[in-house]
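Nothing in this text is a laboratory measurement; each read-out follows from the coordinates by a stated rule. Owing to the predicted nature of the structure, the values given are computational and were not obtained by experimental measurement. No Cβ is skipped: glycine too gets one built from the backbone with ideal geometry, and neighbour counts run over all protein chains shown.
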Amino acid sequence: MTTPIADKAAALTEGMAGQAPPEVLGAFAAEQAGLEAAGVPDGITEVGQPMPDAPLLDVSGGDVTLSEARDGRPAVVVFYRGAWCPYCNAALRTYQTELAEKLAKRGIELIAVSPQRPDGSMTMAETNELSYTVLSDPGNRIGRALGIVTRPTDPVLRAQATLGLDLADVNADGTYDIVMPSVAIVDGQGVLRWIDVHPNYTTRTEPAQILAALEETVR
């Protein structure tokens, strides 16, 4: 029996509670509560519209677009914050074990996209033994077009610094901007057919939700 991402995320949060300083935990908790209260932002690209595209970078720093990565095939596109995020690692590992093979058999691409530098993408792929494509979106160009870009609060940026993380150093564009974890389904013609956005980054789209959405949108 597989473990839901929600259970893995809860275990990560519990583990962090026993390790991180109280002021760091407080900053994270306050941000999560604020994100939860604000909900999904207005202006998310509507289903039925063309999926935004932009020049991206593969794990070796080579140029590629999202449409080139799809190569005319439908795709499940996972937007995540970066290899530094434990919740992202848990989600992408789960997609590897629970989705990658099933999608491949159906001719559906699985693609993960983040704003981090290509070396971060390579770290994510190698650490979690991912068989699917991992790309870098410098400047969050696709994320901005979708309407899912956000920036941590100043207290959270300070808390991250306490833990040794500087987003401006790991992001490809040198900013602190990241994406809300999201999953988009794109059909073979490049049309957005489904999108699930999670403002609170401790929650993620479960594999079963993605498979159910595919049954309704890509036949």
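Determine the distance separating the Cα centre of segment 113-147 from the Cα centre of segment 150-189; give it in Å without decimals. Taking the Cα centre of each part, segment 113-147 and segment 150-189 sit 11 Å apart. Counted by neighbouring Cβ atoms within 10 Å, the residues R151, R73 run from fewest to most as R151, R73. Residue-wise HN-Hα couplings along segment 69-76, as the Karplus relation 6.51 cos²θ - 1.76 cosθ + 1.60 with θ = phi - 60° gives them from phi, are 5, 6, 6, x, 9, x, 8, 9 Hz; Gly and Pro carry x. Among the GluC sites (Glu not before Pro) in segment 103-205, those placed in a DSSP loop whose Cβ has at most 13 other Cβ atoms within 10 Å are E129. Backbone amide hydrogens, once placed in the peptide plane, bring T150 within less than 5 Å of I178, V179, M180, excluding anything fewer than 5 places away on its chain. Restricting the GluC sites (Glu not before Pro) of segment 19-101 to loop positions (DSSP other than H, G, I, E, B) with no more than 15 neighbouring Cβ atoms within 10 Å leaves E46. Between V113 and V78, F79, Y80, L135, the built amide H atoms are under 5 Å apart, and every one of these is 5 or more places off in sequence or on another chain.
Please report the antiparallel percentage of the DSSP beta bridges confined to the chain, to the nearest 5. Please list the in-between numbers first.
Numbers: 18 of 27 bridges.
Bridges in the chain are about 65 percent antiparallel.
Computed from backbone phi, the HN-Hα couplings of segment 88-97 come to 5, 4, 4, 5, 5, 5, 5, 5, 5, 7 Hz, rounded to whole numbers (Karplus: 6.51 cos²θ - 1.76 cosθ + 1.60, θ = phi - 60°; Gly and Pro given as x). Counting only DSSP H runs of at least 4 residues, each contributing -39500 (n - 2.57), and dividing by the residue count of the chain, the helix-based mean residue ellipticity at 222 nm comes to -11500 deg cm²/dmol.
Indicate the gyration tensor shape class of segment 133-219 (rounded, prolate or oblate), computed on the Cα atoms with a ≥ b ≥ c the square roots of the eigenvalues: a/c under 1.5 is rounded; otherwise a/b larger than b/c is prolate and the rest oblate. The shape class here is prolate. Using the Karplus relation 6.51 cos²θ - 1.76 cosθ + 1.60 with θ = phi - 60°, the per-residue 3J(HN,Hα) values for segment 79-84 come to 9, 9, 6, x, 5, 6 Hz, with x marking Gly and Pro. Among the listed values (1) 1.17; (2) 0.92; (3) 0.97, the one computed from these coordinates for Cα Rg over 2.2 N^0.38 Å is (3).
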